[in-house]
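Engineer: Sharing a structure, written as structure tokens. Questions coming.
The values are calculated or read from the model by the stated rules, or taken from the named source; none is laboratory data. Bear in mind the structure is a predicted one, so any value in this text is a computation, not a measurement. Here the Cβ positions follow ideal geometry from the backbone for every residue, glycine too, while neighbour counts run over all protein chains shown. For accessibility, only protein heavy atoms count, side chains too; no ligands or nucleic acids. Shrake-Rupley method; radii C 1.70, N 1.55, O 1.52, S 1.80 Å.
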Amino acid sequence: MSPVPGITIDGPARRVCLDVRNPDFFRDPLPAYAALHAQCPAFFWEEQQQWYFAGYDQVNALLRDRRFGRQILHVATREELGLPEPKPHLKDFDALEAHSLLELEPPAHTRLRTLVNRAFVSRQIEQLRPEIEALSHAVIDTFEKDGKVELLKTYAETIPVTIIARMLGIPVEAAPRLLDWSHRMVKMYVFNPSFDTQVDANQASAEFADYLKGIIAEKRTMPADDLLTHMITSEKDGERLSEAELVSTTVLLLNAGHEATVHQIGNAVRTILQSGFPPAELFANAETTERTVEECLRFSAPLHIFQRYALSDIELEEGIALKKGDKIGLMLGAANVDPRKFSAPDMFRPDRNECANLSFGAGLHFCIGAPLARLELNMSLPILFQRLPRMRLKDEPPVKDSFHFHGLERLDLVW
Ligand code: HEM
């Protein structure tokens, strides 16, 4: 028996039982990750019935390995793989996924990614600096005098959703609806979502798509200087994006554009306040700020797991035989605390100068929003700590019961 609560490891057989709903695990997965690194960083997860990888080098290599993909139906049929037919109650959700950049493989992926990439390169994103700065201050102005705040719903959510909506040219007043649709949809990205969750996510997808079709129709008649208009009018190899592609890509950018960043802001503030490091030192200048942000991304990443399909029969170095269509799990959160790569990995050490974290993934699907997320974090965190130097945790913040999205339920602060 392993001494870490919630996990049982048979090291020699590389078999692991781990209940992701166990509060000991989802509140703080680092002890379980340490046990996996010590005993079997590549393992068969009994509850999920597939292989998972926790080691930094393994995860990094598998994310870049073109023998694996996020999609399988471009190289095999459902019948061939014994996959169930699409579920009618997920029709609208599936329709969005079918054209989502994140769910495509080349050549469809290359075509879509090239079209949106220009807007997200560092040079473009850098121009948002004054806007993010002004917005951060304006949001703090609304609660500074109160002496307390729940940070997630106020600050952490407002900044990313406002910025991505403005970039796309979606009215910022729609933010509450965008957040609601997004929250209902991302509940699908957990193990075995319930029937009710599926129905609700489908309903949210239908409403979201309808709303965007209206906005797209407006932009077609009244083009503006924004990313959505750019996507509508751009051509690649003589082809424009279809309406389905436009809607899917916009939904993905809006959802991915805030869900992870919100939780990273919350996780970072909690980590810093509990670390004992004086915020004034952590955010003394641009260089220390950047190191602090990268250490927060490593130590308290918001997204812990992504899956890939084997696109052919594959024999991995670790002696693991996969059949075409088998899924594997890549544990980014665990890779970030691999003791083979990071000294004292379970310690928050903003002065470390070791290898890069894997929080934004790697390879073909590497996060297109990484420069934007990094800028938002490098601006919003120092401004918050400078404006509220006496800020402290009101109590121990509750962690969300969600392994995939590692974040807080709420973050109550007082000063
Ligand atoms: C701290 C914040 C963020 C984290 C930790 C994060 C993490 C990730 C990761 C790990 C992936 C790769 C998934 C895979 O390989 O299967 C990804 C993809 C993606 N992210 Fe982010 N992300 C963040 C913020 C953003 C933002 C602000 C945007 C805004 C546009 C964004 C847009 C995307 C998109 C469009 C993809 C799909 C890229 C593709 O498939 O080519 N992300 N993100």
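Engineer: Leaving ligands, DNA and RNA out of it, rank V337, V172 by accessible area with a 1.4 Å probe, largest first. Intermediate results must be reported in sequence, preceding the final value.
Structural biologist: Working: V337 10, V172 50 Å².
The most accessible residue leads, giving V172, V337.
Engineer: At 1.4 Å probe size, with the rest of the protein present, what percent of the exposed accessible area of region 1-57 is carbon and sulfur atoms? Kindly include the intermediate steps, with their values, before the conclusion.
Structural biologist: On the way: 1350 of 2580 Å².
Roughly 52 percent, rounded to a whole number.
Engineer: Follow-up question, since we're still on this one. Given springs between every Cα pair under 10 Å in a Gaussian network model of the chain, which of L372, L254, L212 has the largest fluctuation?
Structural biologist: It is L212.
Engineer: I would also like to ask the following. Tell me, how many Å apart are the Cα centres for region 351-415 and for region 86-155?
Structural biologist: Cα centroid to Cα centroid, the span is 15 Å.
Engineer: Sticking with this one: What percentage of the solvent-accessible surface of region 254-355, computed with a 1.4 Å probe over protein heavy atoms, is contributed by carbon and sulfur atoms? Write down the numbers at each step before the final one.
Structural biologist: Details: 2040 of 4070 Å².
Percent of accessible area from carbon and sulfur atoms in region 254-355: 50.
Engineer: Rolling a 1.4 angstrom probe over the protein chains, ignoring ligands and nucleic acids, what is the accessible area of T162 in square angstrom, nearest 10?
Structural biologist: Surface open to solvent at T162 totals about 10 Å².
Engineer: At 7 Å along Cα-to-Cβ for each site, give me the label-to-label distance between S234 and R387 in nm.
Structural biologist: It is 3.2 nm.
Engineer: Next up: Can you list the aspartates and glutamates whose alpha carbon sits under 20 Å from that of K148, skipping same-chain ones fewer than 8 residues off?
Structural biologist: E157, D395, E396, E409, D412
Engineer: Apply 1/(1 + (r/R0)^6) to the Cβ-Cβ distance of D196 and R78, taking R0 = 22 Å, and write down the FRET efficiency to the nearest 0.05.
Structural biologist: Working: r = 25 Å, r/R0 = 1.15.
My answer for the efficiency is 0.30.
Engineer: C296 accessible area, nearest 10 Å², 1.4 Å probe?
Structural biologist: 0
Engineer: Give the value in nm², to one decimal: projected area of the alpha carbon convex hull of the chain, averaged over all directions. Display every interim value, and only then the final one.
Structural biologist: Values: hull surface 81.9 nm².
Averaged projected area of the chain's Cα convex hull equals 20.5 nm².
Engineer: Students often forget the sequence filter, so: which lysines lie under 25 Å Cα-Cα from K327 once same-chain residues fewer than 8 apart are removed?
Structural biologist: Cα-Cα hits under 25 Å: K87, K91, K187.
Engineer: Sticking with this one: Can you return the lysines within cross-link range of K219? Criterion is Cα-Cα under 25 Å, with same-chain partners fewer than 8 residues away left out.
Structural biologist: Partners within reach: K236.
Engineer: Let me ask another. Using a 10 Å cut-off on Cβ atoms, rank the peptides 16-22, 278-284, 406-412, 234-240 from the highest mean neighbour count down.
Structural biologist: Those peptides, ordered most packed to least, come out 406-412, 16-22, 278-284, 234-240.
Engineer: Place the peptides 78-90, 297-309 in order of packing, highest mean first, counting for every residue the other Cβ atoms within 10 Å and averaging per peptide. Provide the component values of the computation, followed by the final result.
Structural biologist: Numbers: 78-90: 11.1, 297-309: 21.8.
Result, highest mean first: 297-309, 78-90.
Engineer: Right, another one. How much length is gained if the chain between D19 and A206 is pulled fully straight, taking 0.36 nm per residue apart and subtracting their Cα-Cα distance, in nm to one decimal? List each step's numbers first, then the result.
Structural biologist: Numbers: separation 187, 0.36 × 187 = 67.32 nm, distance 3.25 nm.
Stretched fully, the D19-A206 segment lengthens by 64.1 nm.
Engineer: Using the membrane-span-like helix rule (whole DSSP H runs, Cα extent along the own axis of at least 15 Å, mean Kyte-Doolittle hydropathy at least -0.5), which helices of the chain qualify? If you can, show how the numbers build up before the last one.
Structural biologist: Working: long enough: 108-120 (19 Å, -0.26); 129-143 (22 Å, 0.14); 157-168 (17 Å, 1.18); 175-186 (16 Å, -0.29); 195-221 (40 Å, -0.47); 243-256 (19 Å, 1.04); 259-275 (24 Å, 0.03); 286-299 (19 Å, -0.71); 370-387 (25 Å, 0.46).
Those that clear 15 Å and a mean of -0.5 are 108-120, 129-143, 157-168, 175-186, 195-221, 243-256, 259-275, 370-387.
Engineer: Counting heavy atoms of the protein chains only and a 1.4 Å probe, report the per residue accessible area for region 276-415 as a whole number of Å². Each step should come with its number before you reach the end.
Structural biologist: Working: 5950 Å² over 140 residues.
Counting only protein heavy atoms, the per-residue value for region 276-415 is 43 Å².
Engineer: Okay, helix-only estimate at 222 nm for the chain: each DSSP H run of n ≥ 4 adds -39500 (n - 2.57), divide by all residues, round to 500 deg cm²/dmol; what do you get?
Structural biologist: -14500 deg cm²/dmol
Engineer: Leaving ligands, DNA and RNA out of it, work out the accessible area of Y211 with a 1.4 Å probe and give it in Å² to the nearest 10.
Structural biologist: That residue has around 40 Å² of solvent-accessible surface.
Engineer: Okay, moving on. Once you have the Cα-Cα distance between K394 and E287, take 0.36 nm times their residue separation minus that, and quote the gain in nm to one decimal. Write down the numbers at each step before the final one.
Structural biologist: Working: separation 107, 0.36 × 107 = 38.52 nm, distance 2.96 nm.
Fully extending the segment from K394 to E287 adds 35.6 nm.
Engineer: I'd like the carbon and sulfur percentage of the solvent accessible area for region 87-170, probe radius 1.4 Å, heavy atoms only, ligands and nucleic acids excluded. Walk me through the numbers before you get to the answer.
Structural biologist: Numbers: 2230 of 3880 Å².
That share works out to 57 percent.
Engineer: So what is the accessible area of region 35-108 per residue, in Å², with the probe set to 1.4 Å? Walk me through the numbers before you get to the answer.
Structural biologist: Details: 3580 Å² over 74 residues.
For region 35-108, the per-residue accessible area is 48 Å².
Engineer: Here's a follow-up. For the residue pair E218 and D57, what label-to-label distance in nm results when each label sits 7 Å from Cα along the Cα-to-beta-carbon direction?
Structural biologist: 5.4
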